[in-house]
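Structure record follows, encoded as structure tokens.
The values are calculated or read from the model by the stated rules, or taken from the named source; none is laboratory data. The structure displayed is predicted, hence computed values, not measured ones. Glycine also receives a Cβ, built like all others from the backbone with ideal geometry; neighbour counts cover every protein chain displayed.
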Amino acid sequence: MRVALICHDKADHLDVRKANRDAHLAYIKETGVVEMAGPFLDDNGTMCGSLIILDVADVAAAEHWAHNDPYAKAGLFESHSTQAWNKVIG
């Protein structure tokens, strides 16, 4: 099933995002469950969160993935949510 993981960064944590970006991208590659992903941008074009579409067994697996993401472990996110998602176009 597809699950959308929606994360919002803590204010003034761009340095945390940049410092953990390589580990985050390696985790995405290593786990093999990310169908698409990318950062949210603020009005200045600065990264401020993430949208990740996971292809996993269930929402619990998506939560497990989210908690083990290097970004989450580094304390980057103010909040995150998971939601089952149905791909219609694309």
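Can you find even one residue in region 45-54 that is in a loop (DSSP other than H, G, I, E, B) and either free of Cβ contacts under 8 Å to residues at least 12 places away in the same chain or surrounded by 11 or more Cβ atoms within 10 Å (Cβ to Cβ) (or both)? Before the answer, list the steps.
Just the residues of region 45-54 that are in a loop (DSSP other than H, G, I, E, B), to begin with: 45-46.
Keeping just the survivors that are either free of Cβ contacts under 8 Å to residues at least 12 places away in the same chain or surrounded by 11 or more Cβ atoms within 10 Å (Cβ to Cβ) (or both) gives 45-46.
Within region 45-54, one or more residues are in a loop (DSSP other than H, G, I, E, B) and either free of Cβ contacts under 8 Å to residues at least 12 places away in the same chain or surrounded by 11 or more Cβ atoms within 10 Å (Cβ to Cβ) (or both).
Only residues that are over 18 Å from ASP12 (Cβ atoms) and either modelled with pLDDT under 95 or in a helix (DSSP H, G or I) (or both): list them for region 55-86, please.
Within region 55-86, VAL59, ALA60, ALA61, ALA62, GLU63, HIS64, TRP65, ALA66, HIS67, ASN68, PRO70, LYS73 qualify.
Between a residue in region 19-37 that is under 17 Å from ALA4 (Cβ atoms) and modelled with pLDDT of 95 or more and any residue that is in a strand (DSSP E or B) and basic (Lys, Arg), which pairs come within a Cβ distance under 7 Å, given they are 6 or more apart or on different chains?
Short answer, once both residue conditions are applied: GLU35/ARG2.
Provide a single number: the residues in region 23-48 that are among the aromatic types (Phe, Trp, Tyr) and under 12 Å from TRP65 (Cα atoms).
Kept after step one, since they are among the aromatic types (Phe, Trp, Tyr), are these residues of region 23-48: 27, 40.
So of that shortlist, the ones also under 12 Å from TRP65 (Cα atoms) come out as 27.
Summing the residues that are among the aromatic types (Phe, Trp, Tyr) and under 12 Å from TRP65 (Cα atoms) in region 23-48 gives 1.
Restricting to region 7-35, give me the number of residues that are on the phi > 0 side of the Ramachandran plot and either under 13 Å from the mean Cα position of the chain (by Cα) or not acidic (Asp, Glu) (or both).
First, the residues of region 7-35 that are on the phi > 0 side of the Ramachandran plot: 12, 32.
Cutting the leftovers down to either under 13 Å from the mean Cα position of the chain (by Cα) or not acidic (Asp, Glu) (or both) gives us 32.
Of the residues in that region, 1 qualify.
Would you check if ALA4 is of a type in the set (A, V, I, L, M), surrounded by 11 or more Cβ atoms within 10 Å (Cβ to Cβ) and under 12 Å from the mean Cα position of the chain (by Cα)?
Values: of a type in the set (A, V, I, L, M): yes; surrounded by 11 or more Cβ atoms within 10 Å (Cβ to Cβ): yes; under 12 Å from the mean Cα position of the chain (by Cα): yes.
In short, yes.
Restricting the search to region 7-44, which residues are of a type in the set (Lys, Arg) and buried (at least 16 other Cβ atoms within 10 Å of the Cβ)? It would help to see each step written out before you state the result.
Residues of region 7-44 of a type in the set (Lys, Arg): 10, 17-18, 21, 29.
Of everything in region 7-44, just one residue is of a type in the set (Lys, Arg) and buried (at least 16 other Cβ atoms within 10 Å of the Cβ), namely ARG17.
So, in region 8-56, exactly how many residues are aromatic (Phe, Trp, Tyr) and over 23 Å from TRP85 (Cβ atoms)? Full working, then the answer.
Going residue by residue through region 8-56, those that are aromatic (Phe, Trp, Tyr) are 27, 40.
From what is left, the residues that are over 23 Å from TRP85 (Cβ atoms) are none.
Summing the residues that are aromatic (Phe, Trp, Tyr) and over 23 Å from TRP85 (Cβ atoms) in region 8-56 gives 0.
Name the residue that is nearest to SER79 (Cα to Cα), counting only residues in region 9-44 that are among the charged types (D, E, K, R) and part of a helix (DSSP H, G or I). Talk me through it step by step, then tell me what you get.
The initial filter retains those residues of region 9-44 that are among the charged types (D, E, K, R), namely 9-10, 12, 15, 17-18, 21-22, 29-30, 35, 42-43.
After this cut, where a residue has to be part of a helix (DSSP H, G or I) as well, the list is 15, 17-18, 21-22, 29-30.
On the way: ASP15: 17, ARG17: 14, LYS18: 18, ARG21: 18, ASP22: 21, LYS29: 23, GLU30: 24 Å.
Among those residues, the one meeting the criterion is ARG17.
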